[in-house]
1. If you split all Cα-Cα distances of segment 3-44 into 10 Å bins from zero, what percentages do you get per bin, shortest first?
2. What are the residues whose amide H is under 5 Å from the amide H of Thr17, where those residues sit 5 or more places off or on another chain and H is modelled from the backbone?
3. Please tell me the relative contact order of segment 3-44 in percent, rounded to the nearest whole number, where contacts are Cα pairs under 8 Å and at least six residues apart.
Amino acid sequence: QELALVREGDHVHGLVTATDAFEAIAGELEDPGDVDRRQAANRAAPASAPRAPTTNRPAEE
């Protein structure tokens, strides 16, 4: 639903979400793909590994 093709003439250079394209202009947002990737990374990480952040805010030290 939210895909954008990066094209030049007849050549497709890439595929991004519309949110990714908007982020290039306006800054970081969180889209459904970001959430899915973060959840998959957390499931695959060993228990001792740092967890991926659950928001787009910087981690606190």
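1. Calculated P(r), rounded to whole percents: 26, 41, 26, 6, 0.
2. Placed amide hydrogens put Ala4 under 5 Å from Thr17.
3. Numbers: 25 pairs, mean separation 10.3, N = 42.
With pairs under 8 Å counted, the relative contact order is 25 percent.
Where a number appears in this text, it was derived from the coordinates with a stated rule and is not lab data. Just so you know, these numbers come straight off a predicted model, no measurement behind them.
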